[in-house]
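The values are calculated or read from the model by the stated rules, or taken from the named source; none is laboratory data. It should be emphasised that the depicted structure is a prediction, and the values quoted were computed from it without experimental measurement. Note that we place each Cβ from the backbone using ideal geometry, even for glycine, and neighbour counts take in every protein chain shown.
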Amino acid sequence: MSTQKKKIRPGKNAANRVREQDTIYGAQPLPSAVPLRFVDLFSGIGGFRLAFERAGCECVFSCDWDKHSQITYAANFGETPVGDIRAVASSEIPAHDILCAGFPCQPFSIAGVSKKNALGEAHGFDEKKQGNLFFELARIIRDRRPRAFLLENVKNLKNHDKGRTWQVIHKTLTDDLDYTVYHKIIDAQSVVPQHRERIFIVGFDTHRYFEFPQFPKEGPKLASILDPHPPAKYTLTDHLWEYLQNYAAKHKAAGNGFGFGLVTGESVTRTLSARYYKDGSEILISQGAGKNPRRLTPRECALLLGYPPSFKIPVSDTQAYRQFGNSVVVPVVERVAKAIVETLQQPAEYKPDLVLQVNERRRHH
Ligand SMILES: C[S@@+](CC[C@H](N)C(=O)[O-])C[C@H]1O[C@@H](n2cnc3c(N)ncnc32)[C@H](O)[C@@H]1O
């Protein structure tokens with residue numbers, strides 16, 4: 001058996017990289033002599049990348065077609081993701097151990113769903129993939145066979161399109177692509193002061209025992225990320241504040257739940273959406289009686305998604321709100337990434353509880 005270890009190559013722009021220790025949520029890099037390689041698909045601004053790098057992995061490919069996200073990604077990682085995934089041949093994607101993707105959620109055509117076992121049929125796969133981005137992922141998984149994948153999506157994925165979307169995704173990953181699949185909905189509020197539920201789907205090419213990581217019971221409060229001196233431009237104008245209050249009152253009178261989300265330093269916010277730039281009504285920071293509330297600054301949004309304070313924001317406020325609203329919560333993915341790496345470092349049939357039993361038995365003798 002060769003004892004030669006693959007060298008960890010510093011990235012081209014290592015100096016530009018976000019420093020691992022530079023985080024307010026206490027990330028610790030996971031040491032790994034031989035870094036597992038991962039690809040960052042639908043990369044956005046690199047939430048998966050930060051997380052997997054902290055888990056000791058090395059990014060070998062990134063892809064996102066949004067020009068503004070590419071600018072943020074390049075500023076932070078020294079690399080511009082390639083564009084439209086539909087134009088990327090599987091052979092252009094370097095070999096990798098782990099495929100990561102926070103893919104957009106789209107309905108599948110009825111024709112595609114009702115066609116049983118279409119993936120197994122000649123050409124069926126290519127017919128089904130028409131226009132649907134999940135099938136771009138399935139194509140790459142099929143062609144490159146990563147040892148593991150981590151997919152992320154909105155909590156509602158399982159109910160989307162009356163459950164059909166999930167049915168197709170699950171069947172494709174398990175029956176058609178032959179991966180062992182685990183999934184879990186995780187609420188980020190145990191690691192950042194934001195209620196944000198997302199579904200995480202983990203798959204292994206050989207049968208493996210996997211457990212999602214444990215998360216703390218109590219998370220941080222908003223005060224931990226608030227800027228003590230936010231620029232005045234983030235305070236709502238009298239006009240907008242009055243409008244939002246009237247709008248909320250009207251809906252309350254009609255028996256609807258809609259309202260703005262007024263929070264203080266003691267709170268945990270609602271989910272930051274990609275539309276936050278519009279009026280910011282889902283998260284408004286109270287500034288005390290007699291002063292209009294304000295919206296979060298882009299930097300506060302970055303912290304709310306668990307990005308380190310050194311993360312560069314080279315785009316307009318509008319684009320920054322969109323980018324963070326679309327992002328994964330970095331410390332959530334980081335924990336899942338570490339669990340995946342630890343699982344891959346074990347022999348395929350490794351079961352933690354069996355090892356525990358053996359150790360306990362040893363101790364008694
Ligand atoms: C939900 S966001 C993922 C955000 C990312 N996980 C992060 O942490 O920043 C989905 C991304 O898919 C990208 N996207 C959509 N269609 C695409 C396509 N055809 N090719 C490449 N990227 C695409 C969007 O630009 C968007 O950034």
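List of remarks:
- Odd one out for Ser273 among (1) outside the structural domain of Leu226 (by TED's automatic domain parsing); (2) part of a loop (DSSP other than H, G, I, E, B): (1)
- Taken over the stretch 101-153, the criterion of being at pLDDT 50 or above and among the acidic types (Asp, Glu) is satisfied by Glu136, Asp143, Glu152.
- In the stretch 81-104, of all residues being within 16 Å of the chain's Cα centre (by Cα) and not hydrophobic (A, V, I, L, M, F, W, C), the one that is farthest from the ligand (Cβ to nearest atom) corresponds to Pro104.
- Test for Glu211: is it surrounded by 18 or more Cβ atoms within 10 Å (Cβ to Cβ) and among the acidic types (Asp, Glu): no
- Residues that are under 21 Å from the mean Cα position of the chain (by Cα) and either at pLDDT below 95 or in a loop (DSSP other than H, G, I, E, B) (or both) do occur in the stretch 278-286, at least one of them.
- Those residues of the stretch 146-187 which are small (Gly, Ala, Ser) and within 18 Å of Asp97 (Cβ to Cβ), in sequence order: Ala148
- Residue match in the stretch 210-221 (condition: touching a Pro at 6+ places or on another chain (Cβ under 6 Å) and within 16 Å of the ligand (Cβ to nearest atom)): no
- The residue that is farthest from Asp97 (Cα to Cα), counting only those in the stretch 34-55 that are among the aliphatic types (A, V, I, L, M) and modelled with pLDDT of 95 or more, is Ile45.
- Residue match in the stretch 189-198 (condition: over 30 Å from Leu177 (Cβ atoms), touching a residue at least 40 places away in the same chain (Cβ under 8 Å) and among the basic types (Lys, Arg)): no
- Taken across the stretch 271-278, residues that are surrounded by 14 or more Cβ atoms within 10 Å (Cβ to Cβ) and more than 30 Å from Phe48 (Cβ to Cβ) do not occur at all.
- Filtered residues of the stretch 265-310 (kept if aliphatic (A, V, I, L, M) and either in contact with a strand residue (DSSP E or B) (Cβ under 7 Å, 6 or more places away or on another chain) or more than 18 Å from Ser69 (Cβ to Cβ) (or both)): Val268, Leu272, Ile283, Leu284, Ile285, Ala289, Leu296, Leu303, Leu304
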